[in-house]
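Trainee: Pasting in a structure now, in structure tokens, and then I'll have a few things to ask.
The values are calculated or read from the model by the stated rules, or taken from the named source; none is laboratory data. No experiment lies behind these values; they were computed from the predicted model shown. In this analysis, Cβ positions are derived from the backbone assuming ideal geometry, glycine residues included, and neighbour counts consider all displayed protein chains. Protein only, heavy atoms only, side chains kept; ligands, DNA and RNA dropped before computing areas. Shrake-Rupley method; radii C 1.70, N 1.55, O 1.52, S 1.80 Å.
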Amino acid sequence: MKAVKNWIEDPAPLLRAGAGYTLAGSDADATPGFAGTKTAGEAALAANATEVSLLQEKLFANSLFDDSRSILLVLQGMDSAGKGGIVKHVVGSVDPQGVTHASFKKPTPEELEHDFLWRIRKRLPVGGQIGVFDRSHYEDVLAGKVLNLATPDVIDERYRQINDFESELVAHGTTVLKVMLNISADEQKARLAERLDRPDKHWKFNPNDIDSRELWNQYQDAYQAVFDRTSTTTAPWYVVPANRKWYARLAVQRLLMDALRNLNQDWPAPAFGVEEQRARLALT
């Protein structure tokens, strides 16, 4: 495959939250690895959709022939960071029968009776699927930490459990792709104001978003702790600058496309003689 035009560098190493990474030092307006304009970025997104769709179809097709691998895309970010746009414009380019989607918010009374990962395990993608978590098990350490819903000792234990859980997923053939969409406080304010200004966006607005906004610094600290404790070799975090929606979508598409490419799948070989069946068909 030809390199995507305007990608001057592989964005993955630039976006990975590795050792020494600081969220406070990240520029939410940046476009790491991409040298093009918004117009070029949107054109690249559209052009790449064909390959992403083809790779997803191979993933699904191979699952019918004992290949149990899958991909789990974890999307996190502050309110209005653009998670829904990623689902629509990136994941939405593939066949929906090969995608599962789940969003984890406040636990139900039934879910609270179980370990915090109980509800997560129930929604994991099976072989051949791309699973999308629009908010995820990380809510239990983010909101849990900021809103004091759990003690520091419990939060600390959850980091360990999450690392073990994700290592287990990877060992069983699931590629875990974790993305935090990073927007600035000013950009979030503008997006929330737009939702209030437009009647067609009122349904997207939640007064609780302002409550969370008032805890902005605490959430930034909680995300930093998440990166420090759970960005592992097997399941690293990628922090995608999200002030420019077009770049965030293009970057996540690239990460997803590379995850699919790295499966090195071809079309499954037929379990029948093609020419024999062609001859049979000709006689009908």
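Trainee: Might you check whether a residue that is open to solvent by 40 Å² or more (accessible area, probe 1.4 Å) and among the small types (Gly, Ala, Ser) occurs anywhere in the range 168-189?
Mentor: Within the range 168-189, one or more residues are open to solvent by 40 Å² or more (accessible area, probe 1.4 Å) and among the small types (Gly, Ala, Ser).
Trainee: Taking the condition closer than 30 Å to Gly18 by Cβ, touching a helix residue (DSSP H, G or I) at 6+ places or on another chain (Cβ under 8 Å), assigned to a loop (DSSP other than H, G, I, E, B) and open to solvent by less than 40 Å² (accessible area, probe 1.4 Å), does Ala235 pass?
Mentor: Answer is yes for this residue.
Trainee: Give the range 123-145 a look and list any residue that's more than 15 Å from the chain's Cα centre (by Cα) and surrounded by 18 or more Cβ atoms within 10 Å (Cβ to Cβ), or say none.
Mentor: Within the range 123-145, Gly128, Asp140, Val141, Leu142, Ala143, Gly144, Lys145 meet the criteria.
Trainee: Please determine whether any residue of the range 123-131 is in a helix (DSSP H, G or I) and of a type outside the set (Asp, Glu).
Mentor: Checking the range 123-131: not a single residue is in a helix (DSSP H, G or I) and of a type outside the set (Asp, Glu).
Trainee: Could you list, ordered by first residue, the pairs with Cβ atoms under 8 Å in which the first is in the range 117-138 and touching a residue at least 24 places away in the same chain (Cβ under 8 Å) and at positive phi and the second is assigned to a helix (DSSP H, G or I) and of a type in the set (D, E, K, R), at least 6 apart or interchain?
Mentor: Note: pairs meeting the criteria are Arg135/Lys83.
Trainee: Within the range 103-114, count every residue that is without any contact (Cβ under 8 Å) to a residue 12 or more places away in the chain and either assigned to a loop (DSSP other than H, G, I, E, B) or of a type in the set (A, V, I, L, M) (or both).
Mentor: Residues that pass the stated criteria total 5.
Trainee: Now, a different point. Check whether at least one residue in the range 238-249 is part of a helix (DSSP H, G or I) and surrounded by fewer than 15 Cβ atoms within 10 Å (Cβ to Cβ), and report yes or no.
Mentor: In the first step, residues of the range 238-249 are kept if they are part of a helix (DSSP H, G or I); the result is 245-249.
From what is left, the residues that are surrounded by fewer than 15 Cβ atoms within 10 Å (Cβ to Cβ) are none.
Within the range 238-249, none of the residues are part of a helix (DSSP H, G or I) and surrounded by fewer than 15 Cβ atoms within 10 Å (Cβ to Cβ).
Trainee: Moving on to the next point. Checking Ile120 against (1) open to solvent by 20 Å² or more (accessible area, probe 1.4 Å); (2) touching a Phe, Trp or Tyr at 6+ places or on another chain (Cβ under 9 Å), which single condition isn't satisfied?
Mentor: Failed condition: (1).
Trainee: Now a separate question. List every residue pair whose Cβ atoms sit under 6 Å apart, with the two residues 6 or more apart in sequence or on different chains, where the first one lies in the range 6-23 and is in contact (Cβ under 8 Å) with a residue 12 or more places away in the chain and under 19 Å from Ala222 (Cβ atoms) and the second, anywhere, is β-branched (Val, Ile, Thr) and surrounded by 16 or more Cβ atoms within 10 Å (Cβ to Cβ).
Mentor: Here the result reads Ala17/Val239, each pair linking the range 6-23 to a residue that is β-branched (Val, Ile, Thr) and surrounded by 16 or more Cβ atoms within 10 Å (Cβ to Cβ).
Trainee: May I ask you to verify whether Asp211 is in contact (Cβ under 8 Å) with a residue 60 or more places away in the chain, open to solvent by 20 Å² or more (accessible area, probe 1.4 Å) and among the acidic types (Asp, Glu)?
Mentor: Values: in contact (Cβ under 8 Å) with a residue 60 or more places away in the chain: no; open to solvent by 20 Å² or more (accessible area, probe 1.4 Å): yes; among the acidic types (Asp, Glu): yes.
Here the answer is no, as Asp211 does not meet what is asked.
Trainee: Whether any residue in the range 54-76 is among the β-branched types (Val, Ile, Thr), surrounded by 13 or more Cβ atoms within 10 Å (Cβ to Cβ) and under 25 Å from Asp95 (Cα atoms) is what I want to check.
Mentor: Looking through the range 54-76, at least one residue is among the β-branched types (Val, Ile, Thr), surrounded by 13 or more Cβ atoms within 10 Å (Cβ to Cβ) and under 25 Å from Asp95 (Cα atoms).
Trainee: Right, here's the next one. Just need a number here: residues in the range 14-42 that are farther than 18 Å from Arg249 by Cα and open to solvent by less than 30 Å² (accessible area, probe 1.4 Å).
Mentor: 2
Trainee: For the range 201-216: of the residues being assigned to a loop (DSSP other than H, G, I, E, B) and among the hydrophobic types (A, V, I, L, M, F, W, C), which is nearest to Ser184 (Cα to Cα)?
Mentor: Among residues in the range 201-216 that are assigned to a loop (DSSP other than H, G, I, E, B) and among the hydrophobic types (A, V, I, L, M, F, W, C), the one nearest to Ser184 (Cα to Cα) is Leu215.
Trainee: Moving on to the next point. Evaluate the range 83-96: report whether one residue or more is more than 17 Å from Arg249 (Cβ to Cβ) and in contact (Cβ under 8 Å) with a residue 24 or more places away in the chain.
Mentor: Yes, because at least one residue in the range 83-96 is more than 17 Å from Arg249 (Cβ to Cβ) and in contact (Cβ under 8 Å) with a residue 24 or more places away in the chain.
Trainee: Go through the range 197-207 and report how many residues are surrounded by 11 or more Cβ atoms within 10 Å (Cβ to Cβ) and either at pLDDT 95 or above or of a type in the set (Phe, Trp, Tyr) (or both).
Mentor: Of the residues in that region, 1 qualify.
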